[in-house]
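Following: one structure in structure tokens, then a few remarks.
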Amino acid sequence: MNLLQDFGYKDADINKRIKESWKTLFEGKKSERIYFEDADGAYILDTGYNDVRSEGMGYGMMISLQMDRKDVFDKLWTWTKNHLYINEGEYKGYFHFACNTDGSVKMELPRPDGEEYISLALLFASHRWGNGKGIFNYEKESLSLLTKMLHSKHPLWNKKTFLIKNEMEKEDTDVSYNLPHFYELYAMFAPINDSDFWNKAADASRKFIVSSCHPKTGLSAEYTDESGKPLSPKEHGTYFSHSYVVAANIGLYSMWFGDSPDLGEVAQKLITFFDKKQPEDFMEYLIDGKATKKKSRHPLALCACIAEAAVALERSREPISPAVHAAAKRAVKRFWDTPLRKGKRRYYDNIISMMALLCLSGIYKVY
């Protein structure tokens, strides 16, 4: 499914946009790119914090996989194993949340979103390119990580709720970390004994996303309790940076697995809430839609994610009203008309934008 093409964008323009985005982020000037090579491979720089995070490495591996750039993928994976991988201690087999660019550890405890993306990117790599030796036996590396995520002394999932944790030592979750489309693939390809768990995790995550999103606005908090209720604003209980990705996750789920009516309803509400708002107007919000006094830190990322949610509408088995369909087209146009971000905060905006572009153009596939 190529939603951009369906909405009237020309193939030549779509391909040009993808190539230019890749070139800027991975091959551009030092002041524009987020990908950097060194003697140990390559890393994705979080320019906002001047460090390398498992999240960004997972995103970079997935993007390079989808772009069929094995050379870039292998360099990112090599750096990840050389520096982020935890070789000893009770968290052995996981990845540090963040390292400095010289490879020294900055934040030791894992954060689960990195492991999610790294594990699936490796699995896709084994299917797309085949397995090599050592760390390039992608399937072995992926299955080892998936087993660790469930069966170690410190699992990344709450075994009672089937929800992924926000942090290793806590039982609460982050709505944006819930990736039911990933878990459905884990159920297909992970060790057979774990299939039932992954299917239950996919179901629990879909339901949790819906319960966490406000019934009128579709907005969800960055951090919630186990029921989906927002934490206080001081504890990230507002619609802010992490929350944006929920819309993207709904779009990608629909891209890969078709219509999920409850998730599609959330997508409609989000697209409607942001309709006719421009990036410069985006704010931090309470989930009922009331704006706080804080501007959005990542307006392009928000723009990209809301556009990606439009995929869920187009995959819907039920008719979509002309008004909502028109709003979806406006959401995609707003994203298309918003250029890549420059400056210190460019990492998050631009990498989320790149993944949205791959989804909207139909390139973001299951392998």
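Within the range 104-131, being of a type in the set (S, T, N, Q) and open to solvent by 40 Å² or more (accessible area, probe 1.4 Å) holds for Ser104, Asn131.
Go through the range 166-203 residue by residue and tally those that are open to solvent by 20 Å² or more (accessible area, probe 1.4 Å) and touching a residue at least 40 places away in the same chain (Cβ under 8 Å). Reasoning before the result, please.
Within the range 166-203, the first condition is being open to solvent by 20 Å² or more (accessible area, probe 1.4 Å), and the residues that meet it are 167, 169-172, 184, 188-189, 191-193, 196-197, 199-200, 203.
This time we only want the ones that are touching a residue at least 40 places away in the same chain (Cβ under 8 Å), so: 167, 169, 171-172, 184, 189, 191, 197, 203.
Matching residues across the range 166-203 total 9.
If you go through the range 208-220, how many residues are over 20 Å from the mean Cα position of the chain (by Cα) and crowded, with 20+ Cβ neighbours inside 10 Å?
In the first step, residues of the range 208-220 are kept if they are over 20 Å from the mean Cα position of the chain (by Cα); the result is 214-217.
This time we only want the ones that are crowded, with 20+ Cβ neighbours inside 10 Å, so: 214, 217.
The total comes to 2.
Would you pick out the residues in the range 132-157 that are of a type in the set (A, V, I, L, M), open to solvent by 40 Å² or more (accessible area, probe 1.4 Å) and in contact with a Leu (Cβ under 9 Å, 6 or more places away or on another chain)? Walk me through it before giving the result.
Looking only at the range 132-157, we keep the residues that are of a type in the set (A, V, I, L, M), and these are 135, 143, 145-146, 149-150, 156.
If we keep only those that are open to solvent by 40 Å² or more (accessible area, probe 1.4 Å) as well, we get 135, 143.
Listed by number, the list holds a single entry, Leu143.
Annotation note: Cβ proximity below 7 Å between a residue of the range 3-19 that is closer than 17 Å to Met255 by Cβ and open to solvent by less than 50 Å² (accessible area, probe 1.4 Å) and a residue that is charged (D, E, K, R) and not in a loop (DSSP other than H, G, I, E, B) (sequence gap 6+ or interchain) occurs for Leu3/Glu314; Phe7/Lys329. Summed over the range 270-293, the residues that are touching a residue at least 40 places away in the same chain (Cβ under 8 Å) and in contact with a strand residue (DSSP E or B) (Cβ under 8 Å, 6 or more places away or on another chain) give a count of 5.
Is it fair to say Asp74 is at pLDDT 95 or above and either open to solvent by 60 Å² or more (accessible area, probe 1.4 Å) or of a type in the set (A, V, I, L, M, F, W, C) (or both)?
On the way: at pLDDT 95 or above: yes; either open to solvent by 60 Å² or more (accessible area, probe 1.4 Å) or of a type in the set (A, V, I, L, M, F, W, C) (or both): no.
When the stated conditions are applied, Asp74 does not pass them.
When each of Gly41, Gly89 is tested for being more than 22 Å from the chain's Cα centre (by Cα) and modelled with pLDDT under 95, the lone residue that passes is Gly89. Just one residue in the set Ser31, Ser64 is outside any loop (DSSP other than H, G, I, E, B) and either surrounded by fewer than 22 Cβ atoms within 10 Å (Cβ to Cβ) or at pLDDT 95 or above (or both); that residue is Ser64. Of the residues making up the range 230-243, not a single one is within 12 Å of Ser176 (Cα to Cα), touching a Leu at 6+ places or on another chain (Cβ under 8 Å), open to solvent by less than 10 Å² (accessible area, probe 1.4 Å) and of a type in the set (Val, Ile, Thr). Selection of the range 34-47 for residues being open to solvent by 10 Å² or more (accessible area, probe 1.4 Å) and in a loop (DSSP other than H, G, I, E, B) yields Ala39, Asp40, Leu45, Thr47.
Applying the set (1) open to solvent by less than 60 Å² (accessible area, probe 1.4 Å); (2) at pLDDT 95 or above; (3) within 19 Å of the chain's Cα centre (by Cα) to Tyr223 leaves exactly one unmet item: (2).
The values are calculated or read from the model by the stated rules, or taken from the named source; none is laboratory data. These numbers come from a predicted model, not from an experiment. Virtual Cβ from ideal backbone geometry, glycine too; neighbours counted across all protein chains shown. We work out accessible area using only protein heavy atoms, side chains counted, and drop any ligands, DNA or RNA first. Shrake-Rupley method; radii C 1.70, N 1.55, O 1.52, S 1.80 Å.
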